[in-house]
Amino acid sequence: MARNKMLRFTTLEQEYPTKRPAEMRREDFDEIYTAFEPAKASDQASRCEQCGIPFCQIHCPLGNNIPDWLMLTANGRLEEAYAVSSATNNMPEICGRICPQDRLCEGSCVLEQSRHRAVTIGSVEKYITDTAWAEGWVQPKTPAAENGFSVGIIGGGPAGMAAAEQLRAKGYAVHVYDRHDRIGGLLIYGIPGFKLEKYVVERRVKLLQDAGVVFHPNTDVGKTISFADLRAKHDAILVATGVYKARMLSCPGAGLTGVHKALTYLTASNRVGMGDTVADYESGILDAKDKHVVVIGGGDTAMDCVRTAIRQGAKSVKCVYRRDRENMPGSQREVANAVEEGVEFVWMAAPEALLGDADNKVTAVRAIKMHLGVADSSGRQSPQPIEGSQFTMEADLVIEALGFEPEDLPVYFAEPDLAVTRWGTVKTDHKTLMTSIPGVFAAGDIMRGASLVVWAVKDGRDAAERIDQYVTAKAAADKSAPAM
Ligand code: FAD
């Protein structure tokens, strides 16, 4: 591979890996970006300015040492690039695919800020790790010795997986319990294949299994097994259950047939993609084919729903959001992809009522136009309805993608001592990451609210460190306690 000098942004234009044409993308659920050619990855990495204060690294939740692995990639030293990149991240190829880089590393890149356009950090990160997998450099982190302690992790999403890998490497017996039949959390059942193909997640799960992590799928803690029983089995517990209670529409008609929660819809589509038979998909209930689809919401989940509906062969797909494009929570890159694929965005509008026929089946959405009013306490301008601006959109399938809240875990776990915040997320001590119950920790969305994969990985890694400190200190204290 070519050896490149750095700072080549002066002569090399920013280039992302080629995107497959939209007409082709609409026909399948495969990832939309092709892989970088080796020379292209090296060239693009060499655009990095190697600035003294790397804002890309500062704005990465994991503090990834991006300038170093860009420099190593530019010089063809890919195995070392992988070593540096994987030192701070348990799933770099997953972050490379689905992190909103435009809001994190690439958005903070000095080249972006100085209008030279950012280094394509996410694509290089994906390239490095996909190469590492192909070359056999990704190996299970088996411990040098067992330490005799065990940790139970509730939830096999990115937070649980990252914690599991870190703890196993330290010699813990690690057991991951998940209510689903497959491990991966939202990486498997939420995020569609066109952003993250499932083999990418499955090989990570296998890697953990090969390291000795024991998975217990189909185990709903609070139902299949009690939280108290689990605590009795392990030296520490990590709660990494994510947030799954969907926010619902409250307008008239919200209960009509044909109105579905985003995750119900996406899970069915992901299951079908993995070869499962889903009755509600087979019957057409959760299949957008030949339907007029209206998705309500403006986050990542809404973007995934509209693009799934396009691939299922919907007649029309509209995304209704009450703010404008600049003020939406979803990634701008995903909006651009959705537009290319044929999604129509109805900005600055909110549903007023869902209209139905005699059989109570949804037929249309009546919406009202909005304008942005004064900023609220969070600094965001709050949308206000424009009187008399109502309009209707035809709809046979309406998907609610309004965000998620935590389940009532103290009730679900029959553990009233588990303290939660006013948002229902599990309360942890900022320093120890321990909950109100000794030996019980929390990480990921259930601790911080609906967020990003990269934050879940960060929380999982941090929790693993704190669990190790707690178990080690407790064992030392127990040993030195006077015999009764
Ligand atoms: P999860 O991934 O939710 O995993 C939690 C796991 O806990 C699940 O497997 C669940 O089955 C299990 N569980 C829950 N309760 C129990 C119980 N009682 N007993 C046993 N197991 C239990 N983030 C990005 O960075 N980029 C994206 O492009 C992106 N797209 C998204 C698209 C969608 C549709 C959604 C919904 C989210 C998206 N996110 C994205 C957010 C990201 O997926 C989450 O922030 C991340 O998965 C949180 O990780 P987690 O491990 O905390 O929880």
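The values are calculated or read from the model by the stated rules, or taken from the named source; none is laboratory data. Please read all numbers here as calculations on a predicted model, not as lab measurements. FYI the Cβ positions are ideal-geometry reconstructions off the backbone, even for glycines, and counts take in every protein chain you see. All accessible areas refer to the heavy atoms of the entire protein, side chains included, with ligands and DNA or RNA removed. Shrake-Rupley method; radii C 1.70, N 1.55, O 1.52, S 1.80 Å.
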Worksheet item: Percentage of Cα-Cα pair distances in the chain greater than 29 Å, rounded to whole percent?
Response: 54 percent
Practice prompt. Find the accessible area per residue for region 8-135; the probe is 1.4 Å, ligands and nucleic acids are left out, and the unit is Å².
Written response: 42 Å²
Worksheet entry | Counting DSSP beta bridges with both ends in the chain, the antiparallel % (nearest 5) | 40 percent
Item to complete: Using a 1.4 angstrom probe on heavy atoms only, work out the carbon and sulfur share of the accessible area of the chain in %.
Response: 52 percent
Practice prompt. Can you sort TYR265, TYR127 by 1.4 Å-probe accessible area, starting with the largest?
Written response: TYR127, TYR265
Worksheet item: What accessible surface, in Å², does a 1.4 Å probe find on VAL343, ignoring ligands, DNA and RNA and rounding to the nearest 10?
Response: 10 Å²
Worksheet item: Dividing the Cα convex hull volume of region 8-135 by residue count, how many Å³ per residue is that?
Response: 111 Å³
Worksheet item: Across region 52-63, in residue order, what do the Karplus-derived ³J(HN,Hα) couplings come to in whole Hz, using 6.51 cos²θ - 1.76 cosθ + 1.60 with θ = phi - 60° and x for Gly and Pro?
Response: x, 10, x, 5, 4, 5, 5, 8, 8, x, 8, x
Discussion item. Please compute the contact order of region 266-384 in relative form: average sequence separation of alpha-carbon pairs under 8 Å and at least six residues apart, divided by the residue count, as a percent.
Written reply: 18 percent
Discussion item. Could you report region 235-305's accessible area per residue, 1.4 Å probe, as an integer in Å²?
Written reply: 39 Å²
Fill in: Separation of the ILE58 and GLU282 label points, Cα + 7 Å toward Cβ, nm
5.7 nm
Response to the item:
For the pair LYS5 and ALA477, the simple spin-label estimate (label points 7 Å beyond Cα toward Cβ) gives in nm 5.9 nm
Practice prompt. Determine the alpha carbon to alpha carbon distance for each of LYS19/LYS245; LYS195/LYS223; LYS126/LYS458 and list only those over 29 Å.
Written response: LYS19/LYS245; LYS195/LYS223
Discussion item. Can you list which of the DSSP-assigned H helices in the chain have a Cα extent of 30 Å or more along the long axis and an average Kyte-Doolittle score of at least -0.5?
Written reply: 453-480
Worksheet item: Working out 0.36 nm times the residue gap between ASP408 and TRP423, then minus their Cα-Cα distance, what length gain in nm do you get to one decimal?
Response: 4.4 nm
Practice prompt. Quick one: divide the alpha-carbon radius of gyration of region 298-437 by 2.2 N^0.38 Å and tell me what you get.
Written response: 1.33
